[in-house]
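**Q** Sending over a structure as structure tokens; questions will come in a sec.
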Amino acid sequence: MFKSIFSIRNFLKFIFLFLLLFLVILITNSILNAFKINFFTFNKNMNRIINRSEQLSKKAQNFDEKVALNELGTNKLNGFYYRFDENLIDARHSSKKQRQSIFGREIKNICFEFNNIDDLIIKPVQKDFIIKDGILKYQHNESNFLQSSNKLNIDRYSIGEIEIKIKVKNTKELILAWSQHSEAKPLDPLQTNYLTVWTIPDNKFHTYRVNVKHIFNKGFLEGIEPGEPIRKIFLFPHTVPHDEIEIDYLRFLSKKEKYAQKSFGVSYETINYEMRQTLYMHNSPNLRYIINIPSGNSFLKFGMGILENKNPVQFIVMIKIGDERRTIFSKKIFNFNKWHDAAIDLSQYADKKVEISFSCKGSKTNIAFWSNPVLYTPPKERLNVVIVLEDALRSDRMSCYGYNQKTTPAKDKFAKKGIIFLNAFSQETYTRASCVSFMTSLYPSATGVWNASERLNDKYLTLAEIMRSQGFSTALFTQNYNAGAYVGLHQGFSTLFENKTVVGHRADVIYKGRTLDGWLKNNCDRNFFLYLHLLDPHGPYDPPEELIADFKKSFRSRGKRVKKDFMLDAPWIEAPTFESRNFLYDAEIRYNDFYFDSLLKALEEYNLLENTLVIFIADHGEHLGEHSLWDHKAPGYRQVLQVPMIMVYPEILPMNKRIEQPVQLLDIMPTILDFANIKKNDLLIQGDSLLPLIRKENLDFWNNRFCISEEVRYKRKDDTTAYGSIFYRNWHILNSDKLNDTISYKVKNLSRNLYETLQLETRVFDLSKDKDEYFDLLNFLSDIIFNMKTQSFLKKYKKSNLVTWRTLTKNTDQTIKYDPAALEQLRSLGYIK
């Protein structure tokens, strides 16, 4: 008995000593880790970022983008420049009200409202519904949906957009179907066409505006005459068996609707898939500008387009000197499916005060577009800026970053002429939030662009807007709708090429395409800002046949099998493997690199290369099987956040330089502004110019600076969940609720239950020793400390950023704009499920 008690006491003593020793080791390790990370500097950085974010939110209270642009003054690099569309306030005009009212009567918007039961044109199939305060409420089911009860007669060629104000609880997809048959049935493939609108199922009213101009212009059903009007429409939720629906109205808006209020103004217009900023004009106004023509050579450039093909429009430019008036340009435009460009040399009027007038003659009901009308002189100093972005490209898959395969020989050679930033990080794992962030130099929580339905508010100021206001010609070529007009990034670009012009999975379409060459030819006499966004190596990984012919012959299903995924695997891959995905991803990088050289040769051909700052980046990385993850979804491991950043500018930047300090895409905008001598003090910017780092100035700041990435969540805007990453020195502090779902490294098998029990969502990785992030700090006490510190900091910082978003947008919901072509591409890329 005594031996038994003695044994128990010894055992308990052993357990106590073991736990005490274990506790001492953990505390010691925690203290050592604290010294490694240097908590004093760490806290100092936290406070600096919080203070900066709070100052930004205060500055946003009085921020006005037009005032901010005016206060920038003129740019010292560019010569004289005057954009007529952005100086309408200076224009004299004679607009006849009678003609404007005639035009107004041509606008045929069709609105279906729900004010009176007896007057309903659209109503549920079943009679069990309620109308109250102009809102129709009904219970949706398979046999109860909205349909037009009377015979309609809607001219589909006149419709530009459809607007729906509706509230749904569970429905994520709304189907709008239409037919030329008055007795048609919904979704009958022989009688109806339809489109899908992705809705927000939060039981709140939202307004959805769908661009249908190109859809309604297409040929309709077989056996139906092209000119046949719409005679039947249906509206119903999809995939949800039962849902409570409330609808305020359904409107078919005329293509001319946005021109009804004014006889002239500024808008963005798309002709043949090329969007431009325009000065639109009815038949009546004659816009006259008093201009002092500068000394030396000066040029007037503009494009021309018309809304409808029915009636031609005569475009006329006149110049008046004293009492003498001359016509210096006149052209009649017949084709509504093409932009027509013109350039006029005004050097003969140097040092004279003249009146330049723009007018149109033709149909009273057609609309004329003067695209990007500008008067300019050659630059005083040359500076062009080209951002090249390859979507979903990991830096560690580029040979210039040390990859063991020769994937980027052209970029290897290119990078030696400038600077490689070895540790650059994106602000988000998704294109939409990432691109908006670096084009505004604001974190995603400050831009409000998180979800697939959100776009950048007009109150924000983009890099393109600043550059254009400073006299630079601006253009965007994008193969991803998440980086174009669909997300609001058209702001500031004089010209935007997307959709059929450059869309696809081929680098040669942009790098070696005639569209880019034509733009360079037309703009090489000016300083310009050019942004090229290539879709590859974004999934699906499907490089051209000539690059992988041997691979396709020999490869069937070798290696570790993975589940087929249409967002990642090419259609011809029947049994994808870990090896096949990685090989094809690398092949797309190699193909892009081959044509990247074409871009450099094109710049050199126009004598632009020596005076051009070329910045090569990616919007995010890609999981390629690490942690059993694919694609670029959360959690934000290094593989999906670390991106390439290469800067080459022969005139200014040093050659063959490699910078190790962490930097972020957010820094690109302030860096470019410094190169262009543009003041930043009055702008809303959260990034830092990299020029001091390049010059090795204030290295203590750069050695200890935070780089932050956020994990976007499809939640409410008042949600301040602290998901994201902090990159500090060699450390990656990752906070995510997705981590416990993806733990695949062996050392965590023993402690996984402990992590889940304590609900610890933070991991700390030492990237100097563990690039693949398989081993986080083996100390849950340290994890507790970082949970507290990291989450407290990220919540406070995000909350402050949300104040900026609410202040700039006045906390109001914007109309959600959809383009069916954009939605189709985003769905194929996996952005919309």
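The values are calculated or read from the model by the stated rules, or taken from the named source; none is laboratory data. What you are looking at is a predicted structure, and each value in this text was computed from that prediction instead of being measured. Positions of Cβ are generated from backbone atoms using ideal geometry, with glycine treated the same way; all protein chains shown enter the neighbour counts. Surface accessibility is based on the protein's heavy atoms, side chains included, excluding ligands, DNA and RNA. Shrake-Rupley method; radii C 1.70, N 1.55, O 1.52, S 1.80 Å.
**Q** Could you tell me how many of the residues in the stretch 134-145 are in contact with a Pro (Cβ under 8 Å, 6 or more places away or on another chain) and either open to solvent by 60 Å² or more (accessible area, probe 1.4 Å) or on the phi > 0 side of the Ramachandran plot (or both)?
**A** 1
**Q** When the stretch 254-276 is examined, which residues are found to be assigned to a loop (DSSP other than H, G, I, E, B) and within 18 Å of W339 (Cβ to Cβ)?
**A** Across the stretch 254-276, the qualifying residues are K255, N272, Y273.
**Q** Now for a different question. Name the single residue, out of those in the stretch 60-115 being modelled with pLDDT under 90 and assigned to a strand (DSSP E or B), that is nearest to N384 (Cα to Cα).
**A** R92
**Q** List pairs: first residue in the stretch 343-355 and under 22 Å from G303 (Cα atoms), second residue of a type in the set (A, V, I, L, M) and open to solvent by 30 Å² or more (accessible area, probe 1.4 Å) anywhere in the structure, Cβ distance under 6 angstrom, at least six positions apart or on different chains.
**A** If the second residue must be of a type in the set (A, V, I, L, M) and open to solvent by 30 Å² or more (accessible area, probe 1.4 Å), the pairs left are I344/I328; V354/I321; E355/I290.
**Q** Would it be correct to say that Y259 is of a type in the set (S, T, Y), out of contact with any Asp or Glu (no Cβ under 6 Å at 6 or more places or on another chain), farther than 20 Å from T495 by Cα and crowded, with 17+ Cβ neighbours inside 10 Å?
**A** Yes.
Here's the yes/no breakdown for (1) more than 30 Å from S580 (Cβ to Cβ); (2) among the aromatic types (F, W, Y):
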position	(1), (2)
E605	yes, no
L608	yes, no
L613	yes, no
H627	no, no
Q664	yes, no
L684	yes, no
I694	yes, no
F701	yes, yes
V712	no, no
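**Q** Right, another one. Taking Q479 as meeting all but one of (1) closer than 23 Å to P540 by Cα; (2) open to solvent by 10 Å² or more (accessible area, probe 1.4 Å), write down the number of the exception.
**A** For Q479, the failing item is (2).
**Q** Could you list, in sequence order, all residues of the stretch 345-368 that are at pLDDT 95 or above and closer than 30 Å to F477 by Cβ?
**A** Residues satisfying the conditions are D345, L346, F358.
**Q** Further question: Restricting attention to the stretch 611-637, which residues are open to solvent by 10 Å² or more (accessible area, probe 1.4 Å) and closer than 22 Å to I420 by Cβ?
**A** Matches in the stretch 611-637: N611 only.
**Q** Find the residue count for the stretch 344-377, including only residues that are within 32 Å of the chain's Cα centre (by Cα) and within 30 Å of A676 (Cα to Cα).
**A** 7
**Q** Identify, please: which residue in the stretch 112-133 is touching a residue at least 60 places away in the same chain (Cβ under 8 Å) and out of contact with any Phe, Trp or Tyr (no Cβ under 6 Å at 6 or more places or on another chain) and is, among those, surrounded by the most Cβ atoms within 10 Å (Cβ to Cβ)?
**A** So the residue we want is F114.
**Q** Could you pull out every one of the strands (runs of 3 or more DSSP E) wholly within the stretch 306-406 that has 3 or more residues that are open to solvent by less than 60 Å² (accessible area, probe 1.4 Å) and among the hydrophobic types (A, V, I, L, M, F, W, C)?
**A** Hits in the stretch 306-406: 313-321, 324-333, 353-362, 368-376, 384-390.
**Q** Related question: Identify, please: which residue in the stretch 194-246 is among the acidic types (D, E) and either open to solvent by 70 Å² or more (accessible area, probe 1.4 Å) or in a strand (DSSP E or B) (or both) and is, among those, modelled with the lowest pLDDT?
**A** E222
**Q** Please give the helices (runs of 4 or more DSSP H) falling wholly within the stretch 421-503 in which 3 or more residues are at pLDDT 95 or above.
**A** Where helices (runs of 4 or more DSSP H) fall fully within the stretch 421-503 and carry at least 3 residues being at pLDDT 95 or above, they are 431-440, 463-469.
**Q** I've got another one for you. Would you check if K338 is of a type in the set (K, R), out of contact with any Phe, Trp or Tyr (no Cβ under 8 Å at 6 or more places or on another chain) and either without any contact (Cβ under 8 Å) to a residue 24 or more places away in the chain or closer than 25 Å to F493 by Cα (or both)?
**A** So K338 fits the description; yes.
**Q** All but one of (1) over 13 Å from the mean Cα position of the chain (by Cα); (2) buried (at least 24 other Cβ atoms within 10 Å of the Cβ); (3) under 30 Å from S298 (Cβ atoms) hold for Y460; which doesn't?
**A** Y460 satisfies every listed condition except (3).
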